[in-house]
Structures are given as structure tokens and as C-alpha cells.
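> Sharing a structure, written as C-alpha cells. Questions coming.
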Amino acid sequence: MAKDTPVPNTPDHVAIIMDGNGRWAQAKGRPRLFGHHAGARRVKEIVRACKDLDVKYLTIFAFSTENWKRTQSEVTGLMTLFRQYIKREAKALKAEGVCVRFIGDRLKLDKQLQKLMDELEQLTEDNDVVNLTIAINYGGRDEVARATQLMAQDVADGKLNPADVDEDTLPRYLDTHVLPDPDLVIRTSGEARISNFLLWQSAYAEYEFIDTLWPDFTKDEFNKVISKYGGRNRRFGAVPA
Ligand code: FPP
């Protein structure tokens, strides 16, 4: 298949709230986990599309700090899916030049999953074609609270002077400290909410709310969203020149 060519003004960092797996499955009379498995296949396609379009950073919301409220069987099924995904995709991700990172509070995840996450990060750390960040047990407020705790500890230890704290200080303590801020945040499934995703980092991001359910979100549709972004005029609060 022909490679898609990068569009002018390609966003450097795209973040995606992958919503609609459950409704997609239910519409087919299938269990919700069927939708999550289809969603995982779409992740693979969109990572490849980022490579083709020269989108350097892709961050995806796989499990929020609020998702623990789902039924035990859905939570267990999702955790199993994450383990399977890492085991199954590790080699290909490494070979395709994808650097994988995880954000969120991983200490609350099961030990086996944590180990797989650590190993995948180590395996792919020298890659730089696409930077894939997967948010698991992630919440924007939780991340800011954890970052603040680390920052307060540095103050207590005499490593940080409170008078020196400015808006560049907190991001150094966030899970995303090595990533640029997202340029574009996409949410699928017709919901127009940000649901606690990258709250600090998205201050100047453009948003696209797409009706398509995540398992139906093809690379062609992704390409269209990226092209549309290319035509936007981001002013970061300034007056147009
Ligand atoms: C939201 O749809 C989706 C999730 C909470 C899980 C996202 C997980 C995946 C896309 C699959 C696996 C990802 C990786 C990285 C392997 P929903 O269940 O809330 O859908 P609904 O709003 O229709 O109920």
C-alpha cells in the first residue's frame, strides 16, 4: 500500500481519547470486551499512520483512574488485554522504531503488568521514529497531585526554593516530563468532554470531537483529521499577524 505523505503543518504530538468500544460491541450484540479487542487492533493501525504522516508523538488514553468503577469482569478483561498487547506487539514495536512509554500511576496495577510495562519501555527506549505513550491508570488531576507531592518533597529537602516555582516548574514533575505538549487532542464517539486527560498539557491544544466509535476510526479518517489540523491557525493567545 502507498505510504501517506506528511501534510504541511503536521502536529508534532497527537493525543487520543479512544472512546466508544463498548457501544460498538453492544451494537453488534457482543460483550464490551469484544469492542476493546477491536480497539486494540485500531491502535496498531493508528501507530503505523503516525509513522507514515510523520507525527512524532502519539499519546493514547487506555485506562483512566475512574475506569476502576467498571464491572470486575471488564476491568480484569482490560488488564488481560494490556498484558496480551504488550507481549504480542513488543517485537514489532521495537522493529518499527516505536519508543513506548507509559503514564499514570502504575504502582496500583498488578505486578506482572508493571513488569511487562517496564520491560517494553526498556526494550524500545532507543527508538525515535514514533513516541507512543499509553496512559494506564491515568488521571490528569491525579498526575498533578502526584507531581505536587514530588515538588513539595524537593522543597522539604531543600532542593527547590518556593520563590523559584513558576509555570515551567510543575511540568518537570509530571509523568509527561519528557514529552512536548499535545498539539491536537482527538476524542472519538461523539462525546465532547476531556475526561481528566492531559489537563495541564492541553492548555493550548486544538480539539477534534469525532462521531465515529473508536473501533471504526480508520487511518483514512485519522489522515483527514491531521489534514484539517494543518489548516488551523494557532495563535497561543496572540493577535494574528
Ligand atoms: C473507552 O470506550 C475505552 C476504554 C476505557 C478502553 C480503551 C482501550 C482500548 C482502545 C484497547 C486497548 C488499548 C491498548 C493500548 C492495547 P468505552 O468502553 O468507554 O466505550 P463506551 O463509551 O461506548 O462504553
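The values are calculated or read from the model by the stated rules, or taken from the named source; none is laboratory data. In this text, all values refer to a predicted model and were calculated from it rather than measured experimentally. We place every Cβ from the backbone using ideal geometry, glycine too, and count neighbours over all the protein chains shown.
> Name the single residue that is farthest from Phe197 (Cα to Cα) among those in the stretch 48-57 being out of contact with any helix residue (DSSP H, G or I) (no Cβ under 6 Å at 6 or more places or on another chain) and in a helix (DSSP H, G or I). Before you say what the answer is, go through the steps one by one.
Filtering the stretch 48-57 down to residues out of contact with any helix residue (DSSP H, G or I) (no Cβ under 6 Å at 6 or more places or on another chain) leaves 48, 50-52, 54-57.
Okay, now just the ones that are also in a helix (DSSP H, G or I), so 48, 50-52.
Numbers: Arg48: 23, Cys50: 20, Lys51: 23, Asp52: 26 Å.
Step by step, filter the stretch 48-57, then rank; the result is Asp52.
> Please determine whether any residue of the stretch 17-28 is over 28 Å from Ile226 (Cα atoms) and away from the ligand (no atom under 11 Å from the Cβ).
Yes, that holds for at least one residue.
> Inspect all residues belonging to the stretch 86-95 and state whether any of them is at pLDDT 95 or above, on the phi > 0 side of the Ramachandran plot and not aliphatic (A, V, I, L, M). Show your work before the answer.
So the first thing to find is which residues in the stretch 86-95 are at pLDDT 95 or above, and the list is 86-95.
After this cut, where a residue has to be on the phi > 0 side of the Ramachandran plot as well, the list is none.
Among the residues of the stretch 86-95, not one is at pLDDT 95 or above, on the phi > 0 side of the Ramachandran plot and not aliphatic (A, V, I, L, M), which makes the answer no.
> Here's another thing I want to ask about it. Identify the residue in the stretch 58-77 that is outside any helix (DSSP H, G or I) and of a type in the set (S, T, N, Q) and, among all such residues, is nearest to the ligand (Cβ to nearest atom).
Here is the first cut: in the stretch 58-77, the ones outside any helix (DSSP H, G or I) are 58-66, 70-71.
With of a type in the set (S, T, N, Q) added as a condition, the list becomes 59, 64-65, 71.
Values: Thr59: 11, Ser64: 7, Thr65: 12, Thr71: 11 Å.
Within the stretch 58-77, the match that is nearest to the ligand (Cβ to nearest atom) is Ser64.
> Looking only at the stretch 31-52, count every residue that is more than 9 Å from the ligand (Cβ to nearest atom) and buried (at least 20 other Cβ atoms within 10 Å of the Cβ) and tell me the total.
4
> While we're on this one: Being closer than 25 Å to Arg48 by Cα, polar (S, T, N, Q), without any contact (Cβ under 8 Å) to a residue 60 or more places away in the chain and away from the ligand (no atom under 16 Å from the Cβ) narrows it down to one residue among Gln149, Gln122, Gln153, Gln84; which is it? Please lay out each step first, then the result.
On the way: Gln149 fails: closer than 25 Å to Arg48 by Cα; Gln153 fails: closer than 25 Å to Arg48 by Cα; Gln84 fails: away from the ligand (no atom under 16 Å from the Cβ).
It is Gln122.
> How about the stretch 194-241: which of its residues are without any contact (Cβ under 8 Å) to a residue 24 or more places away in the chain, within 16 Å of the ligand (Cβ to nearest atom) and among the aromatic types (Phe, Trp, Tyr)?
Hit for the stretch 194-241 is Phe209, nothing else.
> Scan Val7, Val98, Val55 and give me the residue that is away from the ligand (no atom under 11 Å from the Cβ), at pLDDT below 95 and closer than 22 Å to Leu179 by Cβ.
Working: Val98 fails: at pLDDT below 95; Val55 fails: at pLDDT below 95.
Criteria check complete, one pass: Val7.
> Right, something else. Going by what's in this entry, would Lys69 be described as of a type in the set (Lys, Arg), farther than 20 Å from Ser195 by Cβ and surrounded by fewer than 18 Cβ atoms within 10 Å (Cβ to Cβ)?
Numbers: of a type in the set (Lys, Arg): yes; farther than 20 Å from Ser195 by Cβ: no; surrounded by fewer than 18 Cβ atoms within 10 Å (Cβ to Cβ): yes.
No: the conditions fail for Lys69.
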